[in-house]
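Notes follow once the structure below has been shown.
The values are calculated or read from the model by the stated rules, or taken from the named source; none is laboratory data. All of these numbers come straight from a predicted model, not from anything done at the bench. Backbone-built Cβ (ideal geometry, glycine too); neighbour counts: all protein chains shown. Keep in mind that these areas ignore ligands, DNA and RNA; they rest on the heavy atoms of the full protein, side chains included. Shrake-Rupley method; radii C 1.70, N 1.55, O 1.52, S 1.80 Å.
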Amino acid sequence: MTKKVLVMAEIRDGELRNVSFEAVACAKLIANGGEVVAALLGDSVGEMANTLIQYGADRIVKVEHPDLKGYTTDAYQQAILQVMDVEQPESLVMGHTAIGKDVTPRIAAKLSAGLVSDVVNVELEGGEPVFTRPIYSGKAFEKKQVEEGLILVTIRPNNIIPLERVESLTGEIDSVQVEIKDLRTVIKDVVKKATGGVDLAEAKVVVAGGRGVKSAEGFKQLEELAQLLNAAVGASRGACDADYCNYSLQIGQTGKVVTPDLYFAFGISGAIQHLAGMSNSKVIVAVNKDPEAPIFEVADYGIVGDLFEVVPLLLEELKGA
Ligand code: FAD
């Protein structure tokens, strides 16, 4: 059966996040030949509508309102519900990001819809979508199907391949006016911590350090390596707890979940809670002094050695390249 599927695109720092294009690809599959409508929420969404069409959305709805400039739960929830009311889709797809994780359960509860979260793959069986998602902290995968009614889906970044961009594609661009009221939270100002720039959740390469890195100074070397590899820096909770780096870098069960093409683990033992956030990375390289460290069980390449010898060698090699 063909379906109308709505995508909630995500914007960060004035740019569309990659997960928006992945969500369009996922929506195309679920729609099974039906219409994919992508909604862009913000105070002014400018040219981003044309970009989304080039990635395969059939139609765009711009939802512009001053209260949508930054994410707040109340404003986004109200706006999304109003867009859903106008569009009446059979399914909604968003990224399994901080925003998607926060707002979709609320929308699902308001609309009594089924919610399948953290999806890493979608297939059609008899024209109906079957979603694959990790369970038991990534140790196993389950397949889920929603038998009837509205389906809400959040997709894990970096797992569903976006459609190739076709610059000649055009499509309809509409606007939906929304009314936003009774906000309990208002963003007055955003003060950002200066970071390396590559978004950890969407990075293709992650350079992560653990307690074995031993100091904040040790993390500087990892930052240098990350810069050379156009990678994001990540960390174990051990490293965050020891104050070697900020908690925003924590990867794992209680941190961020990443699925890069290449994951470096320097001085990380590989506790189950850490593996929950990175074990689905495509290629894992572990450097650890302890040959028995559990990280080697998930690593594709392992170096039993001192990271303070291995990292300088890598830096030297990359700088010479
Ligand atoms: P350690 O376990 O201390 O390992 C350090 C490693 O560095 C060792 O394997 C050692 O051999 C190696 N090493 C030391 N020196 C060197 C050197 N010079 N060269 C090479 N290797 C060296 N952890 C997370 O990461 N993310 C989470 O989200 C998370 N959530 C948790 C939730 C709960 C409820 C609980 C109970 C725990 C959670 N943890 C989480 C903590 C987790 O159990 C581990 O304690 C933590 O991951 C350990 O961090 P680590 O590997 O950096 O440190």
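When the range 291-303 is filtered for residues that are open to solvent by 70 Å² or more (accessible area, probe 1.4 Å) and in contact (Cβ under 8 Å) with a residue 12 or more places away in the chain, the ones remaining, listed by number, are PRO291, GLU297, ASP300, TYR301, ILE303. For the range 254-283, which positions are open to solvent by 50 Å² or more (accessible area, probe 1.4 Å), farther than 20 Å from ILE135 by Cβ and within 7 Å of the ligand (Cβ to nearest atom)? If the condition is that a residue be open to solvent by 50 Å² or more (accessible area, probe 1.4 Å), farther than 20 Å from ILE135 by Cβ and within 7 Å of the ligand (Cβ to nearest atom), then SER269 is the only one that fits. The residue that is surrounded by the most Cβ atoms within 10 Å (Cβ to Cβ), counting only those in the range 205-253 that are assigned to a helix (DSSP H, G or I) and away from the ligand (no atom under 15 Å from the Cβ), is ALA226.
Checked against (1) among the polar types (S, T, N, Q); (2) closer than 17 Å to LEU6 by Cβ; (3) assigned to a loop (DSSP other than H, G, I, E, B), THR104 passes all but a single condition, namely (3).
Residue-wise test of (1) more than 16 Å from the ligand (Cβ to nearest atom); (2) of a type in the set (A, V, I, L, M); (3) touching a Lys or Arg at 6+ places or on another chain (Cβ under 6 Å).
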site: GLY114; (1), (2), (3): yes, no, no
site: ARG133; (1), (2), (3): yes, no, no
site: GLY138; (1), (2), (3): no, no, no
site: LYS144; (1), (2), (3): yes, no, no
site: ILE161; (1), (2), (3): yes, yes, no
site: ASP189; (1), (2), (3): yes, no, no
site: ALA203; (1), (2), (3): yes, yes, no
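Flag: ARG12 does not match the condition of being open to solvent by 50 Å² or more (accessible area, probe 1.4 Å) and more than 23 Å from LEU200 (Cβ to Cβ). Looking at the range 161-174, is at least one residue over 30 Å from GLU316 (Cβ atoms) and touching a Ser or Thr at 6+ places or on another chain (Cβ under 9 Å)? Checked the range 161-174: at least one residue is over 30 Å from GLU316 (Cβ atoms) and touching a Ser or Thr at 6+ places or on another chain (Cβ under 9 Å).
Within the range 163-172, being open to solvent by 50 Å² or more (accessible area, probe 1.4 Å) and either part of a loop (DSSP other than H, G, I, E, B) or modelled with pLDDT of 95 or more (or both) holds for LEU163, GLU164, ARG165, VAL166, GLU167, SER168, LEU169, THR170. Taking the numbered list (1) more than 8 Å from the ligand (Cβ to nearest atom); (2) open to solvent by 50 Å² or more (accessible area, probe 1.4 Å); (3) of a type in the set (Gly, Ala, Ser) in turn, ALA286 passes all entries but (2). Listed conditions (1) in contact with a Phe, Trp or Tyr (Cβ under 9 Å, 6 or more places away or on another chain); (2) of a type in the set (A, V, I, L, M); (3) within 23 Å of SER215 (Cβ to Cβ) are all met by LEU313, apart from (1). The residues of the range 289-321 that are over 16 Å from THR259 (Cα atoms), part of a loop (DSSP other than H, G, I, E, B) and within 13 Å of the ligand (Cβ to nearest atom), listed by number, are LYS289, ASP290, PRO291, GLU292, ALA293, PRO294, GLY305, ASP306. Counted as qualifying within the range 9-95 are the strands (runs of 3 or more DSSP E) with 2 or more residues that are under 18 Å from the mean Cα position of the chain (by Cα) and in contact (Cβ under 8 Å) with a residue 60 or more places away in the chain, namely 91-95.
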